[in-house]
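Only the coordinates and a few stated rules stand behind these numbers; no lab work does. This is a predicted model, so every value here is computed, not measured. Cβ placement follows ideal geometry from the backbone for every residue including glycine, while neighbour counts extend to all protein chains displayed.
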Amino acid sequence: MTITLETTYSPADIEQRIFDAWMKADAFKSLRDDRNNADKYSIVIPPPNVTGSLHMGHALNNTVQDILCRFERMRGKDVLWQVGTDHAGIATQMVVERKLAAEGKPTRQEMGKEKFLEAVWDWKEESGGTIIGQLKRLGASCDWERERFTMDEGLSAAVRKVFVELYNEGLIYKDKRLVNWDPKLLTAISDLEVVQIEKKGSFKWERCSDEEFDAAALEKVLKKDPHGHMYYFDYPIMTLDDNETIVGYIQVATTRPETMLGDTGVAVHPENEKLKHLIGKMVCLPLVNRLIPIVGDEYADPEKGTGAVKITPAHDFNDFEVGKRHKDNKVLNINIMNKYGKIINESDYDFNYYSVISHILGQDVKIPKPFQGLDRYAARLEVIKQIHALGLLAKIEPITHTVPYGDRSNVAIEPFLTDQWYVNAGELAIEALAAVKDGRTNFVPKNWEKTYFEWLENIQPWCISRQLWWGHSIPARYGLRRDDDKTSISQYKLFVAETDDEIKHQVYKYYEGKFDKEHIDFVDEFTFGGNTTDERGTVLIVGKDPDVLDTWFSSALWPFSTLGWPENTEHLQKFYQTDVLVTGFDIIFFWVARMMMMGLHFIKDKDGKGIAPFHTVYIHALVRDAKGQKMSKSKGNVIDPLELIDQYGADALRFTLAAMAAQGRDIKLDVSRVEGYRNFATKLWNATRFAQMNGCAPVAGFNPATVQHPLNQWIVGEVERASIAVTQGITDYKFNEAANALYKFIWNVVCDWHVELVKPILSDEAHAARAETQATLAWVLDHAYALLHPFMPFLTEELWGLTATRAQLLTLSDWPQLANLQNKSVDGEIDWLISIITQIRTLKADLRIEPKLKIDLVLIGARNTTQLRIASHEEALKRIGRINTISYADALPQGAAQFVQGEATIAVPLAGVIDFAAEKIRLSKDIEKLTQDIIRIEGKLNNTDFRARAPAEVIEEQEENLAMNSEKRAKLALALKALG
RNA sequence: GGGCGCGUAGCUCAGCGGUAGAGCACUGCGUCGACAUCGCAGUGGUCACAGGUUCGAUCCCUGUCGCGCCCACCA
């Protein structure tokens, strides 16, 4: 047989070639002809952002999915691993805007919506989805032909259908309330996209202790970071008679002084003994000179702050609720900021809105000139200065508090009163909760269910509209109300439907045929502005909703939209419900919970019961750097998986991640582990090389149950043991256990022992067991390739192809399912052999006997079985143990080192070679250790409670241990004595 | 404030009611034609601490200390 293998394995040379072979064979296609009748197995990939590139989290996530898919494919299933990318609204829009800026091109606003979207699509075609190629480098066995994108026409149709149906069911609605507004990206964002950032101030001032208020110093501090301070203002309380005299002050505290311009009340707790007498009095809001009421509300905690809270309903979530409760007291919303986070000026005024409020309050609500148009932080400083000038600034305290920031824009978000679209998530959560509570869907590890429950049980309406351009348009249109339909407070008539045709039909019906369908025009902006005239005659203008949907809205549909829903496709029928969702805990809320809601709501079984999108959710760890820090570009601690693949191969990286993927703990990735597993790949490579050099080749019809030689009987049992452990590990999602079982089996069992022990047989061409051993080793390695394949697909496929002419690629071959190959008596025999060799080696090392020196063994007290074993394994013993002769004696020879193996004492006569003092020390050490053990075990056995209550097999085991150790100690004692 | 998790060898981590494990690092020694990306032998641990349950606790329970994360709040 010719040797075809190099001495080392170089992944770079083979990975691409192997991947091409898989693709050429359509190995990863779903609905393969040869699997028509097979059970299905399906996973949908967490779609990476189209802007993304492969990071460690992806590498782990997709390694896990690939292990599962390859495993199930080898178990014969019809596997669909559905792949695709997410359009990632904000992220993509930002990337393209940055690119345009870098190229000196016009801005998004200058280009206009249509041109800009063209530019985004161009970008997507050109450089979007590089991550897809990177997933292939990792070896991901997705059904690549079925790649989907969340903005594909089919998926967009699914989005529109879901939106319209939920709207018609009342589960999607438009509402005016406070949202998290991002003043940089100029869009609303959901609660989940807000991150809390801790801020710490440093400026301190108190009216009574400091002479002079140092405005310049404060300005300097606030310029660096506008957050981190608590300001105390004294609000004057007025009489309401004609004199309007100040009768006292009420002190309020705030971290956001600029919002005081929009205060419409002050709240104190109705049972606050110190302050409740003020309820009903009026405060003259400083700077603005507007009268606002002091109201009683339980929100005002007497223990916190000053006990009195300024209420700005239009700029604070809690205040908004207080305002609603005190509408009758005229605690109204007065919006003081525009979408840029600047104090509104004359041109921003919504005249209608402010005049209505002014009218209700009977007071002017205009913002004083000096503040108009100021940025929120400039306004903050200005308010403080002017309050101080009025003598109403009591003190400034540095505090530590958290400030809400937009996770994408990294600016403080602003609670902002706007019209937005919401999903009634509370309603959809009911089924999503039930499905997990009743076990239709299970989390692995289970403790994540608690996190899932807590979030869903307290879920808020989900704000789904975004003021962006890149994304799914909201299929809503706005028209002027009919004269006879002014019942609603809203000024426009809302039309919602999946297609423009349907909307035109709705419009046509609404105006009772007054406008032809051809006489209805859509304009691309939010307007409900009447009609116009052209050559067609009178034309009705209907405004399009300019907003797009939250990216996660389409992601929520991913498990069925990718399968073709709402069409009833073959894929939808066969592969929904998917089997497992593999993801990190950081997107349980963003994605998992929402997929559950949507899947259960839209996909029903025959009885109308919702079908969850997956029966299992496997939550894996987060990959951190070797120090446990979250990897991030700004910290510069990112380990690039592609670099590791270049350096060590995809298999080594995959195996590392699998081996470290123990449940319930983060992965601190240490590159030395990757190196270690690269070495593991080389080890298997070289074992294969050895087999090839020794004429081992798969034999057709080989039956492992009928091998004769004990070494072969033993190793086929070990293969069975490994196959059980690996199968169990994968099915239990304990990938580290599966990986470790493989590592130990291949390295510590096959390579360290079987290959070594079998060398005398293989190197002797006349040996009776040679053919059987060759066939066995080939069989063992074939099984090693198969069992390792889900973890190291490239290496194993390559070796599979190099070692024989195969009918199939390994990736399409059968998963080993073995039984009845283990044999206890053979296991005992080989354990004995391994033990005796190890003892010889230890003895030689301890006594510093030259490794090259061949020694003799003399066995004393060996029973028949031992003599038979010696005879049976003499060749292996002599070769590996470097032994010259083996003989038997009745008494210990003089001048020998000794050890005990089972019932026999084994002497190594070494007079003149070894240092007997050293041997004495060695023996004494062994005896000492045995004595410790014996004392411990005796203590246990002498304990009557132990004897009374411990299980019989435990007692028996301890007794056996005691007997064994005692016997061994006695023999060693004799040996020591023999040394004199 | 609510929740989740973690403290095991120098480092990174498994494990587990019955004699404490791996990789890396470290110390010796390298001999047999698979492999120096290797082999053999070894050093190294009061399993954070304190109680409790148990015949027996690194493992289960309670508490303490230290660390991390998530959610909520923050006048």
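List of remarks:
- Pairwise label distance in nanometres, A:K220 with A:Q573, each label 7 Å out on the Cα-Cβ vector: 7.7 nm
- For segment A:672-684, putting each phi into the Karplus relation 6.51 cos²θ - 1.76 cosθ + 1.60 with θ = phi - 60° gives couplings of 5, 5, 4, 4, x, 7, 4, 4, 4, 4, 4, 4, 5 Hz, in residue order, rounded to whole numbers and with x for Gly and Pro.
- In sequence order, calculated HN-Hα J values of segment A:292-309 (Karplus, 6.51, -1.76, 1.60; Hz; x Gly/Pro): 10, x, 9, 10, x, 8, 5, 4, 6, 6, x, 7, 9, x, 9, x, 10, 10
- Spin-label proximity, A:T400 to segment A:215-259 - amide N less than 17 Å from point 7 Å beyond Cα toward beta carbon: A:227-230
- Set A:K176/A:K509; A:K77/A:K606; A:K113/A:K223; A:K220/A:K324; A:K304/A:K369; A:K176/A:K204 screened for pairs whose C-alpha atoms are more than 30 Å apart: A:K113/A:K223; A:K220/A:K324; A:K304/A:K369; A:K176/A:K204
- Degrees, to the nearest 10: A:593-602 long Cα axis against longest axis of chain A: 80 degrees
- When each of the peptides A:840-850, A:173-183 is scored by how many other beta carbons lie within 10 Å of its residues on average, the order from highest to lowest is A:173-183, A:840-850.
- Taking amide H positions as modeled 1.01 Å from N, with prolines and chain starts lacking one, the residues under 5 Å from A:Y888 and 5 or more places away or on another chain are A:L859.
- Packing-based ranking, highest mean first, of A:952-965, A:238-251 given that Cβ atoms within 10 Å are counted: A:952-965, A:238-251
- Counting beta carbons within 10 Å around each of A:T706, A:T727 and listing the fewest first gives the order A:T706, A:T727.
- One decimal place: the segment A:A768-A:N823 gains 17.6 nm when fully extended, by the rule 0.36 nm per residue minus the C-alpha distance.
- With Cα atoms, 0 to 90° folded angle of helix A:952-978 axis to chain A main axis: 50 degrees
- Calculated FRET efficiency for the pair A:T8/A:A973, C-beta based, R₀ 45 Å, to 0.05: 0.35
- Derived scalar couplings between HN and Hα for segment A:759-773 equal 4, x, 6, 5, 7, 9, 5, 8, 5, 4, 8, 4, 4, 5, 5 Hz in order, rounded to whole Hz, by the Karplus curve 6.51 cos²θ - 1.76 cosθ + 1.60 (θ = phi - 60°), x for Gly and Pro.
- Cross-link reach list, aspartates and glutamates versus A:K450, counting only Cα pairs under 15 Å and skipping chain neighbours closer than eight places: A:D438, A:D586
- In percent, rounded to a whole number, the relative contact order of chain A is 12, using alpha-carbon pairs under 8 Å and six or more apart.
- Within chain A, percent of DSSP bridges classed antiparallel, to nearest 5: 70 percent
- Rounded, prolate or oblate (a/c below 1.5 giving rounded, otherwise prolate when a/b exceeds b/c) for segment A:66-170 by Cα gyration tensor: oblate
- Normalised by the number of residues in segment A:24-125, the mean separation of alpha-carbon contacts (under 8 Å, six or more apart) gives a relative contact order of 34 percent.
- Gyration tensor verdict on chain A (Cα atoms; rounded if a/c is under 1.5, prolate if a/b is larger than b/c, oblate otherwise): prolate
- Cβ-derived FRET efficiency at R0 22 Å, A:E903 paired with A:N942, nearest 0.05: 0.25
- FRET efficiency for the pair A:R482 and A:H615, taken as 1/(1 + (r/R0)^6) with r the Cβ-Cβ distance and R0 = 60 Å, rounds to 0.75.
- Listed residue pairs exceeding 20 Å between alpha carbons, taken from A:K184/A:K327; A:K184/A:K342; A:K683/A:K852: A:K184/A:K327; A:K683/A:K852
- Within straight-line cross-link reach of A:K514, lysines at Cα separation under 30 Å, skipping those fewer than 8 residues along the same chain: A:K161, A:K174, A:K486, A:K493, A:K504, A:K544
- Burial ranking of peptide ranges A:33-43, A:773-783 (average Cβ count within 10 Å, highest at the top): A:773-783, A:33-43
- Full-stretch length increase - A:A918, A:Q363 - with 0.36 nm per residue and alpha-carbon distance subtracted: 189.5 nm
- Gain in span if fully extended, A:E126 to A:A804, counting 0.36 nm per residue against the direct Cα distance: 239.9 nm
- Under-5 Å amide H pairs with A:V539, H placed in peptide plane, nonlocal only: A:T532, A:T533, A:D534
- Cα shape, segment A:224-365, gyration tensor, a/c 1.5 rule: oblate
- Projected label distance in nm at A:D407 and A:N447, using a 7 Å step from Cα toward the beta-carbon: 2.2 nm
- In this rough spin-label picture, where each label sits 7 Å from Cα along the Cβ direction, the A:D34-A:L853 distance is 6.0 nm.
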